[in-house]
Amino acid sequence: MKTEFPENRPSLFRNWVSFVGVLIGIGALFSFLLLFTLDAISKFSNPYVSLLTYLAVPAVLITGIALAFFGAWLERRRRAKGTGPASLQIDLNSPRDRRVLITFISGSVVFLLLTAIGSYNAFNFTESVTFCGETCHKVMEPEKVTHDHGPHARVACVECHVGKGVSWFVKSKISGSYQLYSVAFKKYPTPIPTPIKNLRPARDTCEECHWPQSFVGNLDRTFNYFQSDATNSPYSIRLLLKIGGSDPRHGPVGGIHWHNLPGNKVEYIATDNARQKIPWVRVTDAQGKVTVFKTKNFTNDIAQAELRTMDCMDCHTRPAHRYLSPEKAINQAMALNKIDPAIPWIKTNAMFILTRTYKTAVEAKASIATALAAKYPNDERIKATTTTLQEIYADNFFPEMKANWSSYPDNVGHMIFPGCFRCHDGLHKTPDLSQTIKANDCNACHTILAQGAGDELNQLAPAGQKFKHPGGDYDGGCTDCHNGGP
Ligand code: HEC
Ligand code: HEC
Ligand code: HEC
Ligand code: HEC
Ligand code: HEC
Ligand code: HEC
């Protein structure tokens, strides 16, 4: 049997439009393979790279293919009109055709090369801090600003926020696309809520640089305050924080980092989203002994509740994005003489001015200047104070996003947020009431080495001293009265 082939007609794709389409398609395919490889071998995958790889580049690929078919369609129409054979006929014997071909091939090589360089640069850019923080400039401004002047300024956003491995890859893809959508359509909440459900676990982030075994030891910290009186009376407390660690080769095992020692497991149930109310805690020690502590009124069914295992982020909620409370920021500025403590009532007035409600950062900056000028006319010292207060505001208050110290609990400590006292409050007991989570002993987690003003600060008590409250005796938890504001 003999098959009848039709007359050998040149393919409809042999035309310049289709050629350009195919070239674009090859470029896109090339760029896809490159980005895919980079994304796969990079230490941290990033949702924006994926958007580029799985959305933008395929879109270009489809455009290329469409163009190729469009060229073929045009060609068919042209041939149907009977205007001769294929529009693209290359005769290698003709010098003109040879030149055209060489130009086309070298043009294609340059194009593919540029695609490679372009894709690689786009990849690096989406991985960078500039992209994460500034692309969604207004939305991420609070996090970007606080990150940039925090201790982790050189740790890229993706190192803490986007994980390794397949499941994180998928998760980050979903949340990354959702984030872009919510920014584009202004669907994001203000302030951006925490805790972040898809933050990488501490084991993958913090512990790459600070591992639990590493011994921190005792930290000597002095907290300086200025009180709300005419003379802004100073008062300082020098605390020796017993951080401890878990490597006996470097120091005693235990202390504040006891919760995270290898072998110890502390689990808890929180009854609110921000994890500020913790009525139930379970400790499993290295020997496997289990102890449950709970508050009197907690009777919920444990099987129904969501258990969380305590990790670094349960105390260090603000390692990268720390919003100073006005109290802390002003005390610090006064201790450094950036605000002159000799200006009468300056502590009280500065607190008041800083915490008024402003709609925008621009409005705040102007109002701080006018308010101070009105309170202290003809006082030269107020110039530096104005600049300092404006700086404090710009670094820690973001009215457009409703982000400031009060939006995000800082759980290291117990003065402004319950922090440690969520569990160490004297109310968490074993069911037989024989044991209570350590509380009330002001020298348990830190030693009060010295307190007061002037000479009192030189009288160190290595074994610790009884706390003297500067506002006179007090009753209740610190957070009943102190909130970081006026
Ligand atoms: C050292 C780790 C680390 C780095 C680096 C980091 N973050 Fe965070 N980020 C955190 C932690 C921890 C939280 C709070 C998580 C929680 O409580 O669930 C957080 C919270 C956030 C939030 C939620 C709002 C808030 O303030 O709680 C956003 C948005 C955010 N980060 C964006 C960024 C951006 C943008 C960058 C880079 C400019 C960045 N992060 C860098 C650790 C980090
Ligand atoms: C890529 C390395 C890296 C990662 C990841 C990292 N850190 Fe750090 N961290 C550092 C370095 C370096 C410093 C010291 C900075 C300095 O002294 O100025 C530091 C400082 C700190 C400090 C003390 C500084 C301060 O003023 O509070 C704490 C607390 C801390 N990190 C907690 C964390 C937590 C919690 C995480 C996880 C969310 C984390 N770090 C992730 C490198 C890292
Ligand atoms: C029970 C609460 C708690 C947990 C859990 C916790 N920390 Fe800390 N950590 C503290 C406190 C409190 C300090 C000292 C005060 C401060 O840094 O402001 C501290 C200090 C540190 C410091 C030293 C800061 C300095 O200035 O030198 C580092 C680093 C650190 N923690 C990392 C971690 C890492 C990593 C984890 C998780 C493995 C972790 N911490 C878990 C409470 C905790
Ligand atoms: C989720 C509850 C919880 C939180 C929050 C918490 N702790 Fe604890 N902590 C415990 C439990 C439970 C124990 C073990 C019982 C005990 O020793 O009283 C413990 C033990 C301790 C110990 C004794 C460790 C040892 O060597 O025996 C110290 C010190 C301590 N915590 C400090 C802190 C500090 C500081 C913070 C805040 C930065 C804090 N804790 C936050 C639950 C908590
Ligand atoms: C469960 C452990 C724990 C107990 C108990 C405890 N503290 Fe603290 N305290 C801390 C930690 C952690 C910090 C935070 C240090 C920091 O911010 O770096 C702190 C900070 C402070 C500060 C400085 C606060 C600030 O931010 O200006 C004062 C003052 C203080 N404690 C007083 C007390 C007094 C008084 C008591 C007894 C009623 C007490 N503490 C009991 C863990 C504890
Ligand atoms: C009943 C309310 C109340 C309680 C509870 C309370 N304080 Fe105060 N505290 C005050 C007042 C009022 C002042 C004086 C404020 C001023 O002069 O600015 C003050 C002042 C202070 C100061 C001096 C700095 C400053 O802001 O003036 C420190 C430090 C302090 N308190 C720590 C604590 C700690 C730590 C706790 C918990 C153990 C606590 N306070 C509980 C009301 C309270």
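The values are calculated or read from the model by the stated rules, or taken from the named source; none is laboratory data. Just so we're clear, the structure is a prediction, and the values are computed from it rather than from any experiment. Methodologically, a virtual Cβ is constructed for each residue, glycine included, from the backbone with ideal geometry; neighbour enumeration extends over all protein chains shown. Just the protein is used for accessible areas: all its heavy atoms, side chains included, with ligands, DNA and RNA removed. Shrake-Rupley method; radii C 1.70, N 1.55, O 1.52, S 1.80 Å.
Scanning for something part of a loop (DSSP other than H, G, I, E, B), over 27 Å from Thr309 (Cα atoms) and over 25 Å from the mean Cα position of the chain (by Cα), does the range 406-425 turn up at least one residue?
The answer is no; no qualifying residue exists.
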Can you tell me which residues in the range 243-261 are farther than 18 Å from Leu219 by Cα and more than 26 Å from the chain's Cα centre (by Cα)? Arg249
Picking from Thr299, Thr231, which residue would you name as being free of Cβ contacts under 8 Å to residues at least 12 places away in the same chain and either away from ligand 2 (no atom under 16 Å from the Cβ) or in contact with a helix residue (DSSP H, G or I) (Cβ under 7 Å, 6 or more places away or on another chain) (or both)? Thr299
Number of the condition not met by Asn300 [criteria: (1) surrounded by 17 or more Cβ atoms within 10 Å (Cβ to Cβ); (2) away from ligand 3 (no atom under 16 Å from the Cβ); (3) assigned to a loop (DSSP other than H, G, I, E, B)]: (1)
With the requirement that a residue be more than 16 Å from ligand 2 (Cβ to nearest atom) and in contact (Cβ under 8 Å) with a residue 60 or more places away in the chain, what does the range 234-258 give you? Pro234, Tyr235, Ser236, Ile237, Arg238, Leu240
State whether one or more residues within the range 262-269 are in a loop (DSSP other than H, G, I, E, B), in contact (Cβ under 8 Å) with a residue 40 or more places away in the chain, more than 16 Å from ligand 2 (Cβ to nearest atom) and more than 30 Å from Ala461 (Cα to Cα). yes
For residues that are open to solvent by 60 Å² or more (accessible area, probe 1.4 Å) and in a helix (DSSP H, G or I), tally how many sit in the range 367-393. 6
Mind checking which helices (runs of 4 or more DSSP H) fall wholly inside the range 117-224 and carry at least 2 residues that are under 28 Å from Arg275 (Cα atoms) and at pLDDT 70 or above? 137-148, 157-161, 206-209
Within the set of pairs 6+ apart or on separate chains, which have a first residue in the range 460-485 that is modelled with pLDDT under 95 and within 12 Å of ligand 5 (Cβ to nearest atom), a second that is in a loop (DSSP other than H, G, I, E, B) and of a type in the set (S, T, N, Q), and C-beta atoms under 7 Å apart? Gly464/Asn443; Pro470/Gln227; Gly484/Ser325; Gly484/Ser406
If I filter the range 304-312 for residues that are hydroxyl-bearing (Ser, Thr, Tyr) and open to solvent by less than 40 Å² (accessible area, probe 1.4 Å), do I get at least one hit? no
Only one residue in His446, His414 is outside the structural domain of Pro344 (by TED's automatic domain parsing) and either within 16 Å of ligand 2 (Cβ to nearest atom) or buried (at least 20 other Cβ atoms within 10 Å of the Cβ) (or both). Which one? His446
Condition check: within 15 Å of ligand 5 (Cβ to nearest atom) and either part of a strand (DSSP E or B) or among the charged types (D, E, K, R) (or both). Does Lys242 satisfy that? yes
Single residue of the range 203-248 satisfying the filter (surrounded by 17 or more Cβ atoms within 10 Å (Cβ to Cβ) and charged (D, E, K, R)) that is farthest from ligand 6 (Cβ to nearest atom): Lys242
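So, Gln276, is that one more than 16 Å from ligand 3 (Cβ to nearest atom) and surrounded by fewer than 17 Cβ atoms within 10 Å (Cβ to Cβ) or not?
Judged against the criteria, Gln276 is not a match.
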Please work out which one of (1) open to solvent by 30 Å² or more (accessible area, probe 1.4 Å); (2) modelled with pLDDT of 95 or more; (3) away from ligand 6 (no atom under 16 Å from the Cβ) is the condition Glu327 fails and give its number. (3)
